[in-house]
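Values in this text are rule-based calculations from the coordinates and carry no lab data. Just so it is clear, the structure is predicted and the values come from calculations on it, not from any experiment. No Cβ is skipped: glycine too gets one built from the backbone with ideal geometry, and neighbour counts run over all protein chains shown.
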Amino acid sequence: MSSTASQPATRAQTGPEAAAWTERLRLANINPRTGLATDYLNHFNEAVMLLEMIPDMPECAEDFLTWSPLSYAEHFTASNFKARDLAIEAYEKAEPNVRTQFDHITDTMTSILTAVGSAMREVENDITRVRLAEQATLWVKPLIAACGGIINGGAEADVDTIMAN
């Protein structure tokens, strides 16, 4: 990833077109090097916030169960993000290896959160729901941070290492 991290988010643009594209992304709070926006992480931060409330207020498990996964495009389509169409376009034009890493981590987070939701629906014991919430939080928070690193052009994330902790 380091070889593409300093390149503009688009593969084909050069010259004035690339400079204009970079400026549009920068003004929209989309990383011009990766073509990704941190706003998408709010979708996962919301789920983590709800999970973190469950140990103190087990009834918040019901609130977490209303969370549903959204793809990058679905998130921006449903959001009030002022440059949502640009965010989707930039994502689609992002370097394939950056997008693959990003999608792998967001898919992992989605899998964890949906599995925890399914497990919470199966149990009625608050203690079990609390344990599920605590474990999911321990797994998802580092993945959100890793995703932030990818969005901001950081080093490759090793999901297996993160999940082992």
Discussion item. With +1 on the Cβ of every Lys and Arg and -1 on the Cβ of every Asp and Glu, and nothing else charged, how large is the dipole of region 80-138 about its Cα centre, in debye rounded to the nearest 20?
Written reply: 120
Worksheet entry | R24/T100 FRET efficiency (R0 22 Å; Cβ-Cβ; nearest 0.05) | 0.35
Fill in: Debye intensity ratio I(q)/I(0), log10, region 2-164, q values 0.11, 0.17 Å⁻¹ (C-alpha model)
-0.48, -0.96
Worksheet item: Highest mean first, what order results for 115-127, 51-63 on Cβ atoms within 10 Å?
Response: 51-63, 115-127
Discussion item. I'd like to know which of Q101, T128, V116 lies farthest towards the positive end of the charge dipole of region 98-147, counting +1 on Cβ of Lys and Arg and -1 on Cβ of Asp and Glu.
Written reply: Q101
Practice prompt. Note down the relative contact order for region 2-164 as a percent, whole number, built from C-alpha pairs under 8 angstrom at least six residues apart.
Written response: 31
Discussion item. I need the phi-derived Karplus couplings for region 82-95: 6.51 cos²θ - 1.76 cosθ + 1.60, θ = phi - 60°, integer Hz, Gly and Pro marked x.
Written reply: 4, 10, 4, 5, 5, 4, 5, 4, 5, 4, 5, 8, 4, 3
Worksheet item: What residues qualify as long-range amide H neighbours of G35, i.e. H under 5 Å apart, gap of 5 or more or another chain, H built at 1.01 Å from N?
Response: A9
Worksheet item: Using 7 Å Cα-to-Cβ label points, what is the T114/T128 separation (nm, one decimal)?
Response: 2.2
